[in-house]
Amino acid sequence: MKAKNRTLRHLKEDRHLIYMCLPAVIKIFIFSYLPMFGVIMAFKDYIPVKGILGSPWNGLKNFEFFFKSVDAWTILRNTIGLNSIMIVVDLIASVFFALLLYEITSRKMLKVYQSVMFFPYFFSWVLVGLMLTTILNPSTGMLTKLITDLTGKEVAFYSEPLYWLIILPIVSIWKGTGFSSLIYYSGLMSIDKELFEAAEIDGATKVQSIRHISLPFMMPMIVMLTILAIGKILHADFGLFYFVPRNVSVLYPVTDVLDTYVFRALSVNGDFGMSAAVGLFQAIVGFILILSTNKLSKMYNREYGLF
């Protein structure tokens with residue numbers, strides 16, 4: 001009875017926070033939990049006329065269709081490999097720029113730098129793809145013309161897949177680092193200034209202060225966001241991999257990932273069953289990765305665990 005009364009008291013005291021969270025909870029319930037009913041499509045030969053429940057069961061054939069295809073290994077390699085590169089590169093860039101922002105003492109200049117870094121985050125991937133085309137276009141691109149004028153050799157960025165192992169991470173950093181760095185910057189703002197003053201009095205250099213004060217304070221947030229990113233390692237950013245390379249088939253050996261492959265399976269073949277199977281595979285692997293990475297982080301330091 002006491003526990004029940006205590007719970008009711010906490011709910012009453014925190015009712016304003018609950019009201020604030022309610023729209024997000026409703027959104028997640030509608031768009032994330034209710035659609036889970038469609039998971040059974042992964043085990044059915046889906047026929048739109050018959051519906052989900054009326055379509056016949058086909059066991060694991062939808063999974064076999066994908067994993068036995070000639071493109072399965074390439075797609076999984078691209079998805080895991082490129083996402084791994086972007087997790088590492090984005091983490092380094094975000095922490096680096098957060099540390100730089102923290103060193104800015106002028107509040108006016110800080111707002112200018114934050115606005116400039118954060119602005120690309122609002123660009124759609126369609127717009128980013130068009131902007132990149134003006135730079136890399138084989139005939140009229142600014143960068144391609146500059147390279148041709150300097151070296152006398154023509155560079156066809158949209159015909160050589162290997163270039164995109166560098167281009168895609170750079171574009172990802174340019175668009176997303178401003179937002180990510182602000183998250184780490186907010187963590188730095190919670191550090192007591194007296195710690196840096198004491199370190200400076202003891203003769204610590206700026207690098208030593210970052211190593212022994214800033215990074216240890218940021219580490220729990222770094223680990224938490226990295227765990228979440230690893231959990232989504234099979235969920236590639238569709239806009240980045242589809243609109244930025246303009247869905248050029250020559251670039252598929254590098255740019256084709258699970259999400260773009262599923263999109264083409266739906267738009268070209270209308271294969272709902274295989275698409276559902278791939279989505280279920282992504283969710284299960286992501287769930288396992290989150291649990292395992294969280295367990296490993298807690299083994300290293302109990303404070304670093306996500307839950």
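The values are calculated or read from the model by the stated rules, or taken from the named source; none is laboratory data. Because the structure is a prediction, the values reported are computed rather than measured. Methodologically, a virtual Cβ is constructed for each residue, glycine included, from the backbone with ideal geometry; neighbour enumeration extends over all protein chains shown. Side chains are part of the model used for accessible areas, which takes the heavy atoms of the whole protein and leaves out ligands, DNA and RNA. Shrake-Rupley method; radii C 1.70, N 1.55, O 1.52, S 1.80 Å.
A few notes on this one:
- Listed by first and then second residue, the pairs linking a residue in region 11-29 that is free of Cβ contacts under 8 Å to residues at least 12 places away in the same chain and among the small types (Gly, Ala, Ser) to a residue that is in a helix (DSSP H, G or I) and open to solvent by less than 80 Å² (accessible area, probe 1.4 Å), with Cβ atoms under 7 Å apart and 6 or more places separating them unless they lie on different chains, form an empty list.
- Within region 257-278, the residues that satisfy the criterion of being in contact (Cβ under 8 Å) with a residue 24 or more places away in the chain and open to solvent by less than 10 Å² (accessible area, probe 1.4 Å) are VAL257, LEU258, THR260, GLY273, MET274, ALA277, VAL278.
- Answer residue from region 203-214, given it is without any contact (Cβ under 8 Å) to a residue 24 or more places away in the chain and open to solvent by less than 60 Å² (accessible area, probe 1.4 Å) and is nearest to ILE183 (Cα to Cα) among those: ILE213
- Scanning region 286-303 for residues that are open to solvent by 40 Å² or more (accessible area, probe 1.4 Å) and within 19 Å of the chain's Cα centre (by Cα) gives PHE287, ILE288, LEU289, ILE290, LEU291, SER292.
- Extreme residue, farthest from SER172 (Cα to Cα), among residues of region 233-287 that are part of a loop (DSSP other than H, G, I, E, B) and acidic (Asp, Glu): ASP271
- So LEU195, is it touching a residue at least 40 places away in the same chain (Cβ under 8 Å), assigned to a helix (DSSP H, G or I) and not acidic (Asp, Glu): no
- Looking across region 111-154, the residues that are in a loop (DSSP other than H, G, I, E, B) and either open to solvent by 70 Å² or more (accessible area, probe 1.4 Å) or modelled with pLDDT of 85 or more (or both) come down to PHE123, SER124, ASN137, PRO138, SER139, THR140, LYS153, GLU154.
- Apart from one condition, VAL223 fits all of (1) open to solvent by 20 Å² or more (accessible area, probe 1.4 Å); (2) free of Cβ contacts under 8 Å to residues at least 24 places away in the same chain; (3) among the β-branched types (Val, Ile, Thr); the exception is (2).
- Within the set MET36, MET41, the sole residue that is open to solvent by less than 90 Å² (accessible area, probe 1.4 Å), under 20 Å from PHE281 (Cβ atoms) and part of a helix (DSSP H, G or I) turns out to be MET41.
- Once region 53-66 is narrowed to residues that are assigned to a helix (DSSP H, G or I) and over 30 Å from LEU240 (Cβ atoms), the residue that is least open to solvent (accessible area, probe 1.4 Å) is GLY54.
- Among the conditions (1) under 18 Å from ILE166 (Cβ atoms); (2) assigned to a loop (DSSP other than H, G, I, E, B), the only one that SER69 does not satisfy is (1).
- Region 155-187, residues that are open to solvent by 70 Å² or more (accessible area, probe 1.4 Å), within 30 Å of ILE213 (Cα to Cα) and β-branched (Val, Ile, Thr): ILE170
- Filter pass, THR293 being out of contact with any His (no Cβ under 9 Å at 6 or more places or on another chain), in a helix (DSSP H, G or I) and closer than 30 Å to GLY129 by Cα: no
- Taking first residues from region 124-139 that are in contact (Cβ under 8 Å) with a residue 12 or more places away in the chain and aliphatic (A, V, I, L, M) and partners that are surrounded by 15 or more Cβ atoms within 10 Å (Cβ to Cβ) and not in a helix (DSSP H, G or I), the Cβ contacts under 7 Å between residues at least 6 apart in sequence or on separate chains come to VAL126/PHE243; VAL128/VAL244; LEU132/VAL244; LEU136/PHE157; LEU136/TYR158.
- Here ALA93 passes the criteria (1) over 19 Å from VAL262 (Cα atoms); (2) over 25 Å from the mean Cα position of the chain (by Cα); (3) in contact (Cβ under 8 Å) with a residue 40 or more places away in the chain except the one numbered (2).
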